[in-house]
1. Per residue and in Å³, how big is the convex hull formed by the alpha-carbon atoms of the chain?
2. At a probe radius of 1.4 Å, what is the per-residue accessible area of LEU214, in Å² to the nearest 10?
3. Based on the alpha-carbon gyration tensor of the range 228-318 and its eigenvalue square roots a ≥ b ≥ c, which shape applies: rounded if a/c is under 1.5, prolate if not and a/b is larger than b/c, or oblate?
4. So for the range 69-137: antiparallel DSSP bridges make up what percent, rounded to the nearest 5?
5. Could you sort ARG115, ARG210 by accessible area so the largest value comes first, with the probe set to 1.4 Å?
6. Report the accessible area of TYR147, computed with a 1.4 Å probe over the heavy atoms of all protein chains in place, in Å² rounded to the nearest 10.
7. Counting DSSP beta bridges in the chain, what percent are antiparallel, to the nearest 5?
8. Which percent of the accessible heavy-atom area of the range 274-328 goes to carbon and sulfur, probe 1.4 angstrom?
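The values are calculated or read from the model by the stated rules, or taken from the named source; none is laboratory data. Just so you know, these numbers come straight off a predicted model, no measurement behind them. All Cβ positions, even for glycine, are placed from backbone atoms using ideal geometry, and neighbour counts span all protein chains on display. Ligands, DNA and RNA are excluded from the accessible area calculation, which covers all protein heavy atoms including side chains. Shrake-Rupley method; radii C 1.70, N 1.55, O 1.52, S 1.80 Å.
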Amino acid sequence: MNPANRPFGIAVHGGAGVTPRAEMTPERERALRGALAASVSAGWAVLRDGGTGVSAVEAAIRVMEDSPLFNAGRGASFNRAGFHELDAAIMHGGTLAAGAVGAVRHIRNPIALARLVMERSPHVLMVAEGAEAFALEQGVPFAPASYFFTDHKWQSLQARLEREAKATLAAARAAAVQAPAFDPGLAGTVGAVALDRAGNLAAGTSTGGREGKLPGRLGDSPILGAGTYASNDGCAVSCTGDGELVLRLCSAKEASDLVALARRPLDEAARAVVARVAALDGSLGLVAIDRRGAMAMPFTDEGMYRGCAKEDGVVLVGIYDEMREAEG
């Protein structure tokens with residue numbers, strides 16, 4: 001098939017566990033929809049011009065990392081010690097090449113560093129000081145801790161620590177801590193999946209991780225097969241939700257394997273993976289795309305920040321059940 005006639009597209013997510021409808025202000029909703037549309041448009045422009053799925057995924061995720069609205073990059077959540085540890089991964093579905101970074105503290109765009117690990121190192125996953133030393137060698141821009149500081153994330157951490165201080169360890173383990181019904185600190189993560197004109201899939205995910213996490217904790221996002229996975233034989237997947245559960249279930253690879261090995265349609269495979277997490281009382285949302293250009297964006301909670309665009313360039317954005325064309 002002539003590459004000019006091949007299907008292509010991109011889908012992004014800005015995290016599951018959205019602000020409930022009753023608490024969503026018009027201003028915040030407009031800002032979120034605008035940021036999601038900008039992310040989709042950045043990735044789609046790369047694909048339109050014949051760029052790779054990997055480049056499209058990186059471009060889309062960079063937009064969300066640069067925004068204070070999402071739990072990644074600039075808007076990342078704080079860990080229990082009051083600083084940021086950022087994780088990211090990216091994967092090429094045609095070659096299975098992949099790169100990931102974990103617990104980095106000064107990298108403005110962790111997804112870009114993950115790509116450099118894939119393309120310029122012999123490794124797949126690098127963490128903490130070693131990853132930052134590699135970044136320095138590669139000329140990656142650093143940012144001071146103040147760049148990642150957002151007041152609403154800081155206040156959210158303080159409220160969490162205060163709640164937890166009032167609860168016994170046993171009560172906390174029994175989930176008896178009196179947290180609000182909507183707990184934004186336990187949500188977040190951004191990701192993107194793409195199909196390029198050459199027929200290759202790609203996936204990427206970036207996150208600040210769970211608010212109040214112990215220093216050194218890694219979630220599912222930088223772990224290939226758990227929160228991020230791409231294979232041309234199956235599909236490309238980026239997850240958001242209960243990281244510890246997704247790690248144990250290897251949810252992203254399970255979705256791809258259901259497509260590749262069980263020959264399940266993409267939407268059916270994606271929903272099966274989400275249902276498996278829900279059956280364990282967990283939360284999961286994901287975006288996925290296959291080589292035919294089919295997309296799936298299921299989630300367990302009230303909503304998931306998400307957007308997509310196919311060959312026609314029409315950008316669709318959703319927060320709750322509906323997807324609608326982006327404004328402007």
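1. 126
2. 110
3. Oblate.
4. In the range 69-137, approximately 60 percent of DSSP beta bridges are antiparallel ones.
5. My answer, sorted largest first, is ARG210, ARG115.
6. 50
7. 90
8. The value for the range 274-328 is 45 percent carbon and sulfur by accessible area.
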